[in-house]
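The values are calculated or read from the model by the stated rules, or taken from the named source; none is laboratory data. Values in this document were obtained by computation on a predicted structure and should not be read as measured data. Here the Cβ is made from the backbone with ideal geometry for all residues, glycine too, and neighbour counts use every protein chain on show. These area figures cover heavy atoms from the full protein model, side chains too; ligands, DNA and RNA do not enter into them. Shrake-Rupley method; radii C 1.70, N 1.55, O 1.52, S 1.80 Å.
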Amino acid sequence: MNFHKAGPRAAQQTDTRGPGTGAGTAFLFALATIVSVLALAATYYFFVRTTTGQFIDESALVQADTIRGPAGRASTEFLDWLPVTSLVIAAVVVLFVTIVRRRWTAAGIAVAACVVANLATQLLKEWFPDRPYRGVQTLELNSLPSGHTTLAASAAAAVFLMVSPRWRPLVGFLGGTFAVASGVSTLINQWHRPADVMAAFLVVAAIMLPAGWLVLRTGKGWNAWDGYGGHWASSRLWVRLSGIAVVASAAVAAYALREVILGMELTDSTSSYFWAGTAMIAGTGYFAMLAAVWLFSWAARRRG
């Protein structure tokens, strides 16, 4: 009889391998959440409570006026449509995946986390004290975190949570690009300083990471994939593009802020602080999505 052969073969066909949602995965998600919260606190302290941070942040905001024109008009239209665009994109994807794939629990978690992230941003705006005077001419009202950026980033994160693992590398890159474009647009239009945007990314990360772990834990069946390269959307190309964006952003920021890094006397340059702020926004946004793609890909179970 073939009874003894059929059992192992069947097990091999249905088995999935990978860390899944065990203690190791829970620890990494908890650690990433704590790091996001600490990074948010550090961002607030440096850019709001210190003279150097205020100077960099405010200089980037002021210098944004020098590059306005066609870019300013385009970004203004983009920001005007941003709330509707973010909600429509998230609603269409979440509803489609929920109805077609019947991921009701994941949809509830993703939508709830999206709402909580936006509420948290509004509460932090009220709770954080006004900007203290540190010798830098600036509006004293607190504008951190950016509400527009939180909306865009949380919508992108909700879609990221809902799609299957093989789509997450692509969705992560596109969602990160959408969120970064939203944040840079608020800087170009002088709605927000760079730190406001970076803080928004960190708020979304701190809320969406625990939600993502719940999605993985409650959706073990569909959170399985064939690894990188098993599908065109899971190609390492999307990861590499995000990595290139992070490295390029770090290089631009380091060059633009060389006076600060080398401890030289701060000067009022024409546009270097604007480009530094833009690079910091891009670097933070792409790094957050790159880390999310790695973490969720590592946690998703591999098909045997």
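Key figures for this structure:
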| quantity | calculated |
| --- | --- |
| Quotient of Cα Rg and 2.2 N^0.38 Å for the range 123-189, N being how many residues it contains | 1.47 |
| Neighbour-limited loop hits for GluC sites (Glu not before Pro), the range 61-165 (at most 10 other Cβ within 10 Å; DSSP other than H, G, I, E, B) | GLU140 |
| Answer label for log10 I(q)/I(0) by the Debye sum over Cα atoms at q = 0.12, 0.14, 0.16 Å⁻¹ (calculated), chosen among [x] -0.79, -1.03, -1.28; [y] -1.02, -1.17, -1.29; [z] -0.86, -1.16, -1.44 | [x] |
| Candidates ASP196, ASP57, ASP226: whichever shows maximal mean-square fluctuation once the chain is modelled as a Gaussian network with Cα springs under 10 Å | ASP226 |
| Residue of THR149, THR51, THR177 that the Gaussian network model of the chain assigns the largest fluctuation, springs spanning Cα pairs under 10 Å | THR51 |
| Distant-in-sequence amide H partners of ASN142 (H built 1.01 Å from N, under 5 Å) | ARG131 |
| Total formal charge among the other residues, if their Cβ is under 14 angstrom from that of ILE281, Lys/Arg +1 and Asp/Glu -1 | -1 |
| Accessible area per residue in Å² at 1.4 Å probe, computed on the chain | 49 Å² |
| Dimensions (Å) - the range 140-226, Cα atoms, principal axes, largest first | 50, 21, 13 |
| Accessible carbon and sulfur surface of the chain relative to its total accessible area, %, 1.4 Å | 67 percent |
| Helical segments meeting 24 Å axial Cα length and Kyte-Doolittle 1.0 threshold in the chain (DSSP H) | 23-49, 70-101, 104-127, 168-188, 194-218, 236-256, 272-299 |
